[in-house]
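Scroll down for the structure; my scribbles are underneath it.
The values are calculated or read from the model by the stated rules, or taken from the named source; none is laboratory data. Keep in mind that what you see is a predicted model, and the values were worked out from it rather than measured. Cβ sites come from the backbone with ideal geometry, for glycine too, and all protein chains shown count toward neighbours. Side chains included, ligands, DNA and RNA excluded: accessible areas come from the protein's heavy atoms. Shrake-Rupley method; radii C 1.70, N 1.55, O 1.52, S 1.80 Å.
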Amino acid sequence: MPITRIVVKNDGTVQVEGIGYVGGQCLKVLQQLIETLRKYGININIEQQQLKPEAYIETTQVQHEAVEQ
Amino acid sequence: MSHWTVARLKIRNPDIQLLKQALMAIAKELGVNEVVENFEVIGWGARQRCQLAIPMNLPYGNGYGVYIDENGEVKVVVDDHGAPLTAEEFAAKLQQYYTALAVVAAAQQLGFSVQQLQQTKDAVLIDLMTP
């Protein structure tokens with residue numbers, strides 16, 4: 001299962017790492033967190049973002065069609 | 001001699017309960033185990049009414065106070081001369097603990113589960129698992 005790792009450093013900066021994600025799902029999770037944190041008075045400005053190779057993998061849905069014989 | 005200091009946090013319109021929890025964590029580290037409400041923090045020649053405070057005997061003050069100003073910004077106030085934490089150190093700690101608590105609360109609100117919550121020398125580490 002994918003994990004979102006959040007490290008809140010002593011100087012207050014926040015590092016977020018997506019572990020085990022494929023495609024852009026980790027970015028969606030990050031965006032959800034950022035929006036929800038605003039309700040608690042925390043505005044997170046992204047200063048740097050680095051995508052891992054797995055982020056560029058496109059996830060596609062494969063539809064299996066029943067084959068009539 | 002006074003070091004009456006007001007320090008601003010990067011938190012605006014905070015959740016008061018989370019703020020209180022964050023303060024309680026700091027209070028325990030300071031060996032006080034108490035957070036009070038509506039407390040007047042006093043320093044050398046200065047005083048400030050605070051919504052929340054950690055009361056403790058300091059060489060030139062009576063505790064660390066937290067108040068929210070008219071713009072919703074969180075500020076800490078203390079006469080930190082000879083105090084165990086400077087105002088800046090206290091503010092940084094409060095910022096860190098409040099942020100960590102807010103991340104946990106936000107995550108739970110989104111339906112994530114907290115797999116790990118750990119404090120190290122340099123940071124607070126939180127692992128979240130999406131549903």
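State which residue is farthest from A:Val14 (Cα to Cα) when the search covers only segment B:93-131 and only residues that are in a loop (DSSP other than H, G, I, E, B) and more than 8 Å from chain A (Cβ to nearest Cβ).
B:Pro131
Please verify whether B:Lys10 is touching a residue at least 40 places away in the same chain (Cβ under 8 Å) and either surrounded by 15 or more Cβ atoms within 10 Å (Cβ to Cβ) or not hydroxyl-bearing (Ser, Thr, Tyr) (or both), treating the condition exactly as stated.
yes
Mind checking which residues of segment B:71-92 are in a helix (DSSP H, G or I) and open to solvent by 50 Å² or more (accessible area, probe 1.4 Å)?
Those that are in a helix (DSSP H, G or I) and open to solvent by 50 Å² or more (accessible area, probe 1.4 Å): B:Glu88, B:Glu89.
Out of segment A:11-38, which residues are open to solvent by 70 Å² or more (accessible area, probe 1.4 Å) and facing chain B (nearest Cβ under 7 Å)?
Across segment A:11-38, the qualifying residues are A:Asp11, A:Gln32.
What's the total number of residues in segment A:39-58 that are open to solvent by less than 70 Å² (accessible area, probe 1.4 Å) and under 28 Å from B:Gln21 (Cα atoms)?
Result for segment A:39-58: 4.
Go through (1) without any contact (Cβ under 8 Å) to a residue 12 or more places away in the chain; (2) part of a strand (DSSP E or B); (3) over 22 Å from A:Asn10 (Cβ atoms) and name the single condition B:Pro55 misses.
Going through (1) without any contact (Cβ under 8 Å) to a residue 12 or more places away in the chain; (2) part of a strand (DSSP E or B); (3) over 22 Å from A:Asn10 (Cβ atoms) one by one, B:Pro55 breaks only (1).
May I ask you to say which residue of B:Tyr60, B:Tyr97 is touching a residue at least 60 places away in the same chain (Cβ under 8 Å) and of a type outside the set (Gly, Ala, Ser)?
That would be B:Tyr97, the only listed residue that is touching a residue at least 60 places away in the same chain (Cβ under 8 Å) and of a type outside the set (Gly, Ala, Ser).
Please enumerate the residues belonging to segment B:30-49 that are open to solvent by 90 Å² or more (accessible area, probe 1.4 Å) and in contact (Cβ under 8 Å) with a residue 24 or more places away in the chain.
Selection gives B:Trp44 alone.
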